[in-house]
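**Q** Sharing a structure with you now.
The values are calculated or read from the model by the stated rules, or taken from the named source; none is laboratory data. Just so it is clear, the model here is predicted, and its values are computed rather than measured. Here Cβ is always computed from backbone atoms with ideal geometry, including for glycine, and neighbour counts include all displayed protein chains.
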Amino acid sequence: MGSIALCRLAISGTAPRWDTSTENSSFVLEAKRRGFTEQQCARLSGWFTEQQIAAVHARPSELVTSSDNSVVNNLAANSSERVCTLALKLRRPIWDDSVDYRLYVSEAKRRGLTEQQCAPLSGRFTEQQIAAAHVQPKPSITDKVQVAEVQRLLIDLGHLTGRADGVVGPRTEAAVKTFERARQLPPTGTVDDKLIVKLKEAQQAKLARAKSDEAKTLAQLREESRKVREETRKGEARITGLKKQAEQLATLRAQKPTKQPVRTDINFGNYHALVIGINRYHNLPRLRTAVADAEAIADVLKSKYGFSVSTLINPTRTQILDRLDNLRAKLNRTDNLLIYYAGHGWLDNKADQGFWLPVDARKNFRSEWVANSSITGTLKAIKAKHVMVVADSCYSGRLIRGVQMAELNDRSSAYLKQMARKKTRVVITSGGLEPVEDGRGEHSPFARAFLNALNRNDAIMDGTNLFNAIREPVMLEARQTPEFSNMRFAGHDGGDFLFVRRK
């Protein structure tokens, strides 16, 4: 319970003194336990002015009096306000006829002051309290029907429990006081016509609040209904899109590519792959499918295409750069190298630079990241004739030169020889300069499309055909657009990467 509410229950409604009635004794004890004095609680209650509080707690010794025979003369030196303060009772604006205060009553009367005149001078009472003390109070309601009406109103407002028996007893009086305190009125416990008026006003206010709450609830239900309809509409659109996607995928599966036998007179060279997958980042949000994507792709490249695969799972920056340096020293001009990266990426707009983020990367510590320029420089220096980088990460489009690869329909032997002869530095990315989706299932949308394309190929597939097989399924499933082009500043000379299926 708050201190203000506590003090309103502990302080008498008619004077800034503790309420000594039995029913409120527990509130008085709690207020004292919290260290409140009568003056402090009276201020917190908000019922009394500072003048009223000071007047009640003034000590008789504050008056200019004397114990000798000139007491009356000394009393005359006091102001009327001070005389009235001690001439009236503490709780009611009437003369205090006790032995200790008769002298002050006499002095007030000597000055021609009546009780009604002295009461406002004391500063302890309101005009309503003064008027109530000096008029004949109206008799309280005794009719059982009216009392029962009061009780029903109290029950409806939550201040009384049980049934309305039409009898004014302690239970009803306590409920009336509770109601009066809730309305910040002096707790009299009196059952009269004024109480009925106040109870009906409170009931009307309650009904108005209930009506307002009902209107708000109805508005909320309407808004929720609108949202449900909107979500249903989106869901139906999504289902339609998925059905269309399924039809397109079925069409793609039905369209078997023209088989091209592996030409024995073309030297495709040896195939190597560095496959990187990072899930368990130390300082960045973890990914769900990057490692599974990397492991599945490494398996397909090794088992179906004869790649010599090197796999890095959750590597550091040093481990990535060391493995690239090893490949630089190891590969020769007839080799092919595929680098597949699945992990976090970052784009520095001001520097126009993209980064791969290794497992120990920290936010804003670029020295711990792998810059695209470092990858490009290493791949430019590697002797391998054909290099393809496949990046399934955010903002991976910075690896791309910005010129799309030309669409070539001819996949003849002459074309394959030409592509095998020319130096190749190409990139396929899962998205441009945009965030890309981590997988909701076993693989990311991009990795799933990449695996499907590799598994469906049963002859020779160049990078352009691979990209065409990936692009549409990814766009249908995720809000990202794969890109394919030659690598920026890495020495591309018009060739293409060839995937040769092993029998």
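**Q** Just give me the residues in region 176-202 being under 18 Å from GLY166 (Cα atoms), not acidic (Asp, Glu) and not in a helix (DSSP H, G or I), in sequence order.
**A** Passing the criteria: GLY189, THR190, VAL191.
**Q** Moving to a separate point now. Give the residue, chosen from VAL147, VAL105, that is modelled with pLDDT of 85 or more and either among the basic types (Lys, Arg) or not assigned by TED's automatic domain parsing to the domain that holds ALA55 (or both). Break it down into steps so the answer makes sense when it comes.
**A** Values: VAL105 fails: either among the basic types (Lys, Arg) or not assigned by TED's automatic domain parsing to the domain that holds ALA55 (or both).
VAL147 is the lone residue from the list that is modelled with pLDDT of 85 or more and either among the basic types (Lys, Arg) or not assigned by TED's automatic domain parsing to the domain that holds ALA55 (or both).
**Q** Something else now. Give the number of residues within region 155-173 that are surrounded by 17 or more Cβ atoms within 10 Å (Cβ to Cβ) and touching a residue at least 40 places away in the same chain (Cβ under 8 Å).
**A** 1
**Q** Being surrounded by fewer than 14 Cβ atoms within 10 Å (Cβ to Cβ) and more than 19 Å from TRP346 (Cα to Cα) is the filter; apply it to region 422-450 and report the residue that is modelled with the highest pLDDT.
**A** Residues of region 422-450 surrounded by fewer than 14 Cβ atoms within 10 Å (Cβ to Cβ): 435, 440-442.
Still in the running and more than 19 Å from TRP346 (Cα to Cα): 440-442.
On the way: ARG440: 64, GLY441: 70, GLU442: 85.
Residue satisfying both the conditions and the ranking: GLU442.
**Q** Let me ask something additional. Looking only at strands (runs of 3 or more DSSP E) that fall completely inside region 333-398, which ones have 1 or more residues that are touching a residue at least 40 places away in the same chain (Cβ under 8 Å) and over 40 Å from the mean Cα position of the chain (by Cα)?
**A** Values: elements: 336-342, 345-348, 353-356, 386-392.
Per the criteria, 336-342, 386-392.
**Q** Among (1) part of a strand (DSSP E or B); (2) without any contact (Cβ under 8 Å) to a residue 60 or more places away in the chain; (3) of a type in the set (Gly, Ala, Ser), which single condition is ALA273 missing?
**A** Unmet condition: (2).
**Q** Just the residues that are closer than 21 Å to ASP19 by Cβ and among the hydrophobic types (A, V, I, L, M, F, W, C), please, taken from region 154-199.
**A** LEU154, LEU160, VAL168, ALA174, ALA175, VAL176, PHE179, ALA182, LEU185, VAL191, LEU195
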